[in-house]
Protein chains: 2
Amino acid sequence: MTIKDIAKVCGVSVSTVSRVLNKHPDVSETVRRRVLQEVETQGYIPNNSARDLVRSRSDAIGVVVRGTGNLFFAEMLKTIGREIDRAGYTMVPRFIDSDADEVKAGAILEREKKLQGLIFLGGRFDYTPAELTLIGVPYVCCSYTNCFGSLEEKDYSSVSIDDHLTAYRATEHLIRCGHRRIAAVVPSCSDRSISELRYDGFRSALRDYGIAFDSNLLVETGGCFEMPETYEGVCRLLRCGVDFTALLTLSDTTAMAAMKALQDHGRSVPQDCSVIAIDGLNVSEYANPTLTTMVQPVEEMGRESVRILLDTMENGAPTEHLRLEAKLRAGQSVCDL
Amino acid sequence: MTIKDIAKVCGVSVSTVSRVLNKHPDVSETVRRRVLQEVETQGYIPNNSARDLVRSRSDAIGVVVRGTGNLFFAEMLKTIGREIDRAGYTMVPRFIDSDADEVKAGAILEREKKLQGLIFLGGRFDYTPAELTLIGVPYVCCSYTNCFGSLEEKDYSSVSIDDHLTAYRATEHLIRCGHRRIAAVVPSCSDRSISELRYDGFRSALRDYGIAFDSNLLVETGGCFEMPETYEGVCRLLRCGVDFTALLTLSDTTAMAAMKALQDHGRSVPQDCSVIAIDGLNVSEYANPTLTTMVQPVEEMGRESVRILLDTMENGAPTEHLRLEAKLRAGQSVCDL
């Protein structure tokens, strides 16, 4: 069954069938329905190879996913994949470790797959223009910016939440519930990264509310947002015997590991210690207790990253820098002191 | 910096550099080290375009992921992506809903992307040969088989656990802990699927141990392994006031939703009700309590799926049907009665 057969059965031209399949508006509703019904009946699958061949280059858009265990990125990848599919391109993902070099991985992917564009799902915040000369196609930094780096805003696009503000709001929520002794779990990734901004937001909130920072309440963990390291870190904090009534973690999965450590040491959440996080994963709604967390707009972030990239690729549109808002989802893991 | 520059600096031929980069064995260790050092120093990135052009067809391997919220598949996709990358192919994933038609999605993907091969991550167990004529490339059913269908074994490959046996073993574990009143949460997906096999395993274990099946203890949920539906289903069971001391769910995330429902109704896990599941996600090690679950060998399943597919694609090797073993990971969610 080819497009010619469909045309013959429907008594219309091949180009009319093609217009229907490609959703062109200049087809009458009657003809459109007739063609689509025949397509359905015959189980015809449009062959886009011809269209692909017309394109002078490949239709590949690379997505470098940094942090293979990152559930937030796993959720986002589905949205990005769907949006890239809808636009008629091919998503080519590459998964790298959370401490790997995403720029190099992106550059290799670009050459191997002749990419048209690139989305970095996670990365460092301190790129230099020299480093980024490796990348020869438009790219979007998704979930991060270049605020510690020296790229010019016109040379890249970014979609993220305001990490500093989001951690500030999370901390503020704990403070407004009466907490003063607030611990924080901060991954000690070797590069200047998302942890640093969120940690600064935490410190700013303490300062603005006149709460002295106690370095004994800072849990630095190895790795980047790993659950085992977080669990161990909170266990160390508890063994120290230092007093605290609330705890901030920088991601949902590390919050679950932190709650586990507290509970394994006989501390009830939130009665003995409140816990708040940043991400808003589906699974953390079913944590015990339900996690209170700042929800990143994962759908919107993915959708906007693809939109901006396509706009630059196809229309040469200027770069964009979108800051989206994370909103508090009140669960059961925070209570008034 | 091109391969010619590297050759010139090292004082060797271009083909020698090429042999080093492509890991051919016929290069002396001294030359190999010298070339790799120069590649590292110069930050040279091999350009595989030429190799790609030599290939007569595309290098795309499609992966249809059925169930966009499935964390087990999210973990597996990383392994599959890494293995496909290592073999020099391009992974092209497509995410579809858990009730969507994966064969049709695969067929469309095959035509759009000129696939060389296809991995179905999740699907129906009852394919007919007629349906599968849509697929014109070698394919592997990953995490399922065709045991309710009529495909010939030589026409497809599969990698999965023994779903019946795994559910049997999980149920047996509860029975050996003294449980007799065991509830089960079973998604009522419209097609004959993984739920049916696992449910049968549950029923077989009850039968073998002389426990009469009580249909009041069966929780049928809408959707396929969704957390909200599971939560609601267990709440309904609890509202009925029917007595049970243990509960089997068919996946880790639904187990977390079930534990949440129990706890929200004032039932402690495992003191008031034991819970066991199938999957072995990383995150369920940090559930509260730690989930007791049958761990699927996710790494091995992904690796073997790619190996079998490549072997068929490249060497015309016969199809394979691998049954891997799921192993009990004892957590804290099951206790002796």
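Derivation of every value follows stated rules applied to the coordinates shown; laboratory data play no part. Since this is a predicted model, take the numbers as computed values, not measurements. Cβ atoms come from the backbone with ideal geometry, glycine included; neighbour counts cover every protein chain shown.
Report the local net charge at B:Ala184: Lys and Arg +1, Asp and Glu -1, summed over other residues whose C-beta lies under 12 Å from its C-beta. Don't skip to the answer; put the middle values down first.
On the way: positive: B:Arg181, B:Arg198, B:Arg203; negative: B:Asp200, B:Asp214, B:Glu220.
So the environment of B:Ala184 carries a net charge of 0.
Using a label position 7 Å from Cα in the Cα→Cβ direction, what is the ascending list of nm distances from B:Gln42 to the same site in the other copies?
The answer, with the shortest distance listed first, is 5.5 nm.
Could you point to the residue in B:Gly302, B:Val219, B:Asn146 farthest towards the positive end of chain B's charge dipole, with +1 and -1 charges on the Cβ of Lys/Arg and Asp/Glu respectively?
Among B:Gly302, B:Val219, B:Asn146, the one farthest towards the positive end of the dipole of chain B is B:Gly302.
So if each residue of separation counts as 0.36 nm, and I subtract the Cα-Cα distance between B:Thr30 and B:Glu299, what length gain in nm does that give?
93.3 nm
Kirkwood Rh, chain A, all Cα pairs: how many Å?
22.2
Please compute the modelled spin-label separation between B:Lys8 and B:Glu153, points set 7 Å along Cα→Cβ, answer in nm with one decimal.
It is 6.0 nm.
Using a Gaussian network model of chain A whose springs link C-alpha atoms within less than 10 Å, name the residue from A:Asn315, A:Asn216, A:Asn70 with the highest mean-square fluctuation.
Largest GNM mean-square fluctuation: A:Asn315.
Count the net charge of all other residues whose Cβ sits under 11 Å from the Cβ of B:Leu174, scoring Lys and Arg as +1 and Asp and Glu as -1.
Result for the local shell: +2.
How would you classify the protein assembly as shown from its alpha-carbon gyration tensor, with a ≥ b ≥ c the square roots of the eigenvalues: rounded for a/c under 1.5, else prolate if a/b is greater than b/c, otherwise oblate?
oblate
Distances in nm, one decimal, shortest first, from A:Thr128 to the same residue in every other copy, taking the label point 7 angstrom along Cα→Cβ.
List, nearest first: 6.6 nm.
At 0.36 nm per residue, and after removing the present C-alpha to C-alpha distance, how many nm does the segment from B:Gln332 to B:Arg180 gain when stretched out fully? Display every interim value, and only then the final one.
Numbers: separation 152, 0.36 × 152 = 54.72 nm, distance 1.91 nm.
Using 0.36 nm per residue and subtracting the Cα-Cα distance, I get 52.8 nm.
With charges only on Cβ, +1 for K and R and -1 for D and E, what is the dipole size of the range B:119-233 about its Cα centre, in debye, rounded to 20? It would help to have the intermediate numbers written out before the result.
On the way: 10 positive and 17 negative charges, 96 e Å.
Roughly 460 debye for the range B:119-233.
Decide, for the range A:164-295, between rounded, prolate and oblate: order the square roots of the alpha carbon gyration tensor eigenvalues as a ≥ b ≥ c, take rounded if a/c falls under 1.5, and otherwise choose prolate if a/b is larger than b/c, else oblate.
In terms of gyration-tensor shape, rounded.
Points 7 angstrom from Cα along the Cβ direction at B:Asp243 and A:Asn282: gap in nanometres?
Calculated label separation equals 3.7 nm.
Once amide H atoms are placed 1.01 Å from N in the peptide plane, what residues at a sequence separation of 5 or more from B:Arg94, or on another chain, have their amide H within under 5 Å of its amide H?
For B:Arg94, whose amide H was placed from the backbone, the distant partners under 5 Å are B:Val63, B:Val64, B:Val65.
What's the FRET efficiency of A:Ala130 with B:Thr290 using the Cβ-Cβ distance as r and R₀ = 41 Å, to the nearest 0.05?
0.30
Mind scanning B:Lys78/B:Lys260; A:Lys260/A:Lys327; A:Lys78/B:Lys4; A:Lys4/A:Lys78; B:Lys4/B:Lys113; A:Lys113/A:Lys327 and naming the pairs with a C-alpha gap bigger than 31 Å?
Listed pairs above 31 Å: A:Lys78/B:Lys4; A:Lys4/A:Lys78; B:Lys4/B:Lys113; A:Lys113/A:Lys327.
Along Cα-to-Cβ, 7 Å out, sits the label point; list in nm, shortest first, how far the one on B:Gly11 is from those in the other copies.
8.2
Going by average Cβ neighbours within 10 Å, how do the peptides A:2-15, B:125-138, A:72-85, A:169-182 rank, with the highest at the top?
Values: A:2-15: 14.6, B:125-138: 16.3, A:72-85: 22.3, A:169-182: 19.4.
Taking the mean over residues of other Cβ atoms within 10 Å, the ranking is A:72-85, A:169-182, B:125-138, A:2-15.
Just want to confirm a number: the relative contact order over chain A, from Cα pairs under 8 angstrom separated by 6+ residues, in percent.
Numbers: 630 pairs, mean separation 54.2, N = 337.
After rounding, I find 16 percent.
May I ask you to compute the full-extension gain from B:Glu232 to B:Ala317, defined as 0.36 nm times their residue separation minus their alpha-carbon distance, rounded to one decimal in nm? Don't skip to the answer; put the middle values down first.
Numbers: separation 85, 0.36 × 85 = 30.60 nm, distance 4.72 nm.
Result: 25.9 nm gained on full extension.
Quick one: if you stick a label point 7 Å off each Cα along the C-beta vector at A:Asp208 and B:Ser204, how many nm between them?
The modelled label-to-label distance comes out at 6.1 nm.
Rounded to the nearest 0.05, what FRET efficiency is calculated for B:Lys104 and B:His265 with R0 set to 45 Å and r the Cβ-Cβ distance? Walk me through the numbers on the way to the answer.
Values: r = 42 Å, r/R0 = 0.92.
The computed FRET efficiency comes out at 0.60.
Distance between Cα centroids, the range A:129-148 to the range B:242-319: provide it in whole Å.
Each part reduced to its Cα centre gives a spacing of 38 Å.
Would you calculate, for chain B, the mean residue ellipticity at 222 nm contributed by helices, counting each DSSP H stretch of 4 or more residues as -39,500 (n - 2.57) and dividing by all residues, to the nearest 500?
Result for chain B, helices only: -13000 deg cm²/dmol.
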